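Take a look at the structure set out below.
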Amino acid sequence: MSKKVLVTGAAGFLGSNLCKRLVADGFDVTGVDNLYTGSLRNLEALQTYPQFNFVQHDIIQPLNFTCDWLFNFACPASPPHYQKDPIFTAKTNFIGTLNMLELAHKNNARIMQASTSEVYGNPLQHPQTESYWGNVHTTGPRACYDEGKRVAESLFFDYKRMHNLDIKVIRIFNTYGPLMDPNDGRVISNFIMQALRGEPITLYGTGEQTRSFCYVDDLINGIMAMMHSDASITGPINLGNPIEFTLKELVETLSTVLGKPLPLITMPLPQDDPTRRQPDITLAKQILHWQPQVDLATGLKHTIAYFRQFVS
Ligand code: UDP
């Protein structure tokens, strides 16, 4: 019999890409989402498969369900979205995660937490290894997400220590690709939508800050490798593309891919915006035999093709 899998945040960017992969791999998948930022549009194709079900539910409320595997991917992830109602974001990460850990414990299920590079805050160590404890501004506007994800990691390891729960913690770095919300507010979706609409590119700050962008298919391969790994492998483990770009370089690459110059307008840098971010993926390479395959120009081409449908 195929494994019963529960995915929270199923209508979001990563959740919907993950559900697609799980159904293709023959799992019996139930997707849960409160539709706060996720969209049913992302699940339209999946809804035609009998192996896929959708349940609208907010994980801040407990959930009763039978499953073998649980992926906890629910949480708004774009800074403007998670900062709109920071208390709700913190509750999703703390109470929501607690509810999903209780559910996994009841089912004796394997559970994965979608943690984040944000646990490193504005990092003082570069690139970031999993052993680095981070530099988070605990009272700043990003803290609801950063500290929320940190407490979620703590809870995972407390459930491991107290109940020997089968846990997997991945720290996801900036990821992009199809099924991303065009109004998400993050840099890749903003820049592509602006370029396609012929609007100026909104560059926050000097554009010298860096990010390392991973194409979504690469990330999903890493997630599956981690979930299939031996129970002794708990993480936390970094999953991301280690090639670092300044935002100016991102604009240049996009301009080359689109074959046109992209005019810029400079806007203020948001508070606590991390200066540099680059994963050290030595551990993922060694333990999971995983590393990204898709370069930025190729990934941008696929993403542009997806976003074209939203431009009239
Ligand atoms: N950014 C930008 N223009 C935008 C959106 C974002 O210059 O329209 C910058 C943002 O200030 C940050 C980087 O792009 O330095 C990545 O931001 P994003 O919101 O995608 O994710 P983050 O990595 O900050 O969580």
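The values are calculated or read from the model by the stated rules, or taken from the named source; none is laboratory data. No experiment lies behind these values; they were computed from the predicted model shown. In this analysis, Cβ positions are derived from the backbone assuming ideal geometry, glycine residues included, and neighbour counts consider all displayed protein chains. Surface accessibility is based on the protein's heavy atoms, side chains included, excluding ligands, DNA and RNA. Shrake-Rupley method; radii C 1.70, N 1.55, O 1.52, S 1.80 Å.
Quick notes on this structure:
- The share of alpha-carbon pairs in the chain lying farther apart than 25 Å comes to 47%.
- Between the alpha-carbon centres of region 163-207 and region 41-101 there is a gap of 18 Å.
- Other-chain or far-sequence residues with amide H under 5 Å of residue 70's (modelled H): 6, 110, 111, 112
- Taking 7, 187 and ordering them by how much accessible surface each has at a 1.4 Å probe, largest first, produces 187, 7.
- Sites listed here are chymotrypsin sites (Phe, Trp or Tyr not before Pro) in region 85-194 whose DSSP assignment is loop and whose Cβ has at most 13 other Cβ atoms within 10 Å: 133.
- Cα shape, region 269-312, gyration tensor, a/c 1.5 rule: oblate
- Over 30 Å between alpha carbons, listed pairs 20/168; 4/149; 168/301; 20/91: 168/301
- With DNA, RNA and ligands ignored, accessible area of residue 144 (1.4 Å probe; Å², nearest 10): 20 Å²
- The mean sequence distance of close C-alpha pairs (under 8 Å, at least 6 residues apart), as a share of the length of region 150-264, puts its relative contact order at 35 percent.
- One decimal place: the segment residue 40-residue 243 gains 69.8 nm when fully extended, by the rule 0.36 nm per residue minus the C-alpha distance.
- Basic side chains Lys and Arg get +1 at the Cβ, acidic Asp and Glu get -1 at the Cβ, and with that the dipole of region 51-209 about its Cα centre reaches some 180 debye.
- Of the whole protein surface, residue 166 contributes about 40 Å² of accessible area at a 1.4 Å probe radius.
- Among 16-26, 296-306, the order from most to least packed when residues are scored by Cβ within 10 Å on average: 16-26, 296-306
- Per residue, the accessible area of the chain comes to 43 Å², computed with a 1.4 Å probe over protein heavy atoms only.
- R0 of 30 Å, Cβ-Cβ distance residue 202-residue 298: FRET efficiency to nearest 0.05: 0.80
- Antiparallel bridges, percent of DSSP beta bridges restricted to the chain (to nearest 5): 5 percent
- Of all aspartates and glutamates in the structure, the ones whose alpha carbon falls short of 17 Å from that of residue 3, not counting any fewer than 8 places away in one chain, are 25, 28, 68, 166, 230.
- For the chain, the fraction of 1.4 Å probe accessible surface lying on carbon and sulfur atoms is 53 percent.
- Alpha carbon Rg of region 58-161, scaled by the compact-globule rule 2.2 N^0.38 Å: 1.10
- CD proxy at 222 nm, helix term only [per DSSP H run n ≥ 4: -39500 (n - 2.57); per residue of the chain; nearest 500]: -10000 deg cm²/dmol
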